[in-house]
1. Hey, among Thr382, Thr398, which residue is part of a helix (DSSP H, G or I) and either at pLDDT below 95 or not hydrophobic (A, V, I, L, M, F, W, C) (or both)?
2. Do you know which of the residues in region 142-173 that are assigned to a loop (DSSP other than H, G, I, E, B) and closer than 15 Å to His212 by Cα is modelled with the highest pLDDT?
3. Looking only at strands (runs of 3 or more DSSP E) that fall completely inside region 214-299, which ones have 3 or more residues that are modelled with pLDDT under 90?
4. Mind telling me which of the residues Ala42, Ala92, Ala126, Ala100 ends up being under 29 Å from Asp316 (Cα atoms) and modelled with pLDDT of 95 or more?
5. For the structure I just gave you, tell me whether Ser12 is under 23 Å from Val158 (Cβ atoms) and either hydroxyl-bearing (Ser, Thr, Tyr) or modelled with pLDDT under 95 (or both).
6. Please work out if Gly2 is open to solvent by less than 20 Å² (accessible area, probe 1.4 Å) and more than 26 Å from the chain's Cα centre (by Cα).
7. Among residues belonging to region 32-49 that are farther than 29 Å from Ala163 by Cα and not acidic (Asp, Glu), point out the one that is least open to solvent (accessible area, probe 1.4 Å).
8. Against the condition assigned to a helix (DSSP H, G or I), open to solvent by less than 20 Å² (accessible area, probe 1.4 Å), under 30 Å from Ser59 (Cβ atoms) and modelled with pLDDT of 95 or more, how does Thr317 come out, does it pass?
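The values are calculated or read from the model by the stated rules, or taken from the named source; none is laboratory data. Computed from a predicted structure; not experimentally measured. Heads up, the Cβs are rebuilt from the backbone with ideal geometry, glycines too, and the neighbour counts pull from every protein chain shown. Just the protein is used for accessible areas: all its heavy atoms, side chains included, with ligands, DNA and RNA removed. Shrake-Rupley method; radii C 1.70, N 1.55, O 1.52, S 1.80 Å.
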Amino acid sequence: MGVVVLKFGGTSVGNVERIKNTANRILDEKKMGNQVVVVVSAMGKTTDQLVTLAKELSSYPNKREMDMLLSTGEQVTISLLSMALAEKGHSAISFTGWQAGILTESVHSNARIIDIDQKRITNQLAKGNIVIVAGFQGVSTDGEITTLGRGGSDTTAVALAAALEAEKCVIYTDVTGVYTSDPRFIPQARKLEAISYDEMLELSNLGAGVLHSRAVEFAKNYQIPLEVCSSLVREAGTVIEEEVTVEKSLVVRGVAFEGDITRITIFGLKNSFQNLSSVFTTLANNNINVDIIIQNQTDGEDAYLSFSIKNDDLHDTSKILEDYQETLGFDHFEYEAGLAKVSIIGSGMISNPGVAAKMFSTLAEQNIMIKMVSTSEIKVSTVIEEQQMIKAVESLHTAFGLDLVAMK
């Protein structure tokens, strides 16, 4: 008898009927003789509704109190799902993140999992119970409720799969797998049979909402077999594995995009290794995630430095730069909002020169100005104006042969 971990997103448990459907999916796995651990998100748009409530009271709500608030969403789901399974004659028990032994660092709103004490879960599995765990949350070393960031239920599921040495982890969502781009915005996107851990990690980091990036990190580091499929449609999903054995002809495997990007530019920074390090050390110490970075020397000693952040981090980033301006030694900073990041991803890019050139020429043909660029072995990212984001994605999706029509 093996352990399997199943994760169901908010759409999958969005109402009573879908909770009953989810219970049936869980029982299908249980009837195969497996010990089943289930991780769930908050119902439907509950998290968004709670955020809206908080923003009605405060433009910048306290992050500790936000974690207290948002963690309640999953708590509703775990209890209702446990009741649904009991109604069908199967024993189940629900656990919050801290009850499940999920220990995190002491960071509110975007904590990382440090350790998992799985004893309580394994004891319940040994008794024949199905264990239902609240995703997206844990408890810090100082006893505070923490959350793992949006999409963090995926990370909860894969981390539990690693801790329990599960045979597999299945992420059930509202789409039938991983697509070449987001099918809600790009109708010509098509489902991939398989994708590598590295490619999926880049897609997740670059805006694809189907999987949380830290979940993919866990899966890769612990070699957890991972599948993404629909909870509403019974068909094969997308397998995430170390090396893709199908569709190897695709140089680019996906186009990811993400709005709500801001570019910060620091002017008059003394051009030294120490100053550059100090800027990013200061931001990192204050839990600000920086993405694309560009440095240019303007004259003999001074330089200007640009980097991109999420819009949500603009207030905190501005405050940090204002507070540390004298220490960091720069003249002033400016920001530009209303930007987006569009990226192409594919392991085939390593051995195929000219991919970046094709991306840039495709955007140029559409009169789309590139403001920032970042590259790695398997991705090229550009920052452009947000109003041109979908136009850019559609043109790149077509240019690299990813449209459904290209496969017919």
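1. Being part of a helix (DSSP H, G or I) and either at pLDDT below 95 or not hydrophobic (A, V, I, L, M, F, W, C) (or both) holds for just one of Thr382, Thr398, which is Thr398.
2. Leu148
3. 254-270, 293-297
4. Every option except Ala42 fails the conditions.
5. Against the criterion (under 23 Å from Val158 (Cβ atoms) and either hydroxyl-bearing (Ser, Thr, Tyr) or modelled with pLDDT under 95 (or both)), Ser12 qualifies.
6. yes
7. Here the answer is Gln49.
8. Considered against the rule, which asks whether it is assigned to a helix (DSSP H, G or I), open to solvent by less than 20 Å² (accessible area, probe 1.4 Å), under 30 Å from Ser59 (Cβ atoms) and modelled with pLDDT of 95 or more, Thr317 comes out as yes.
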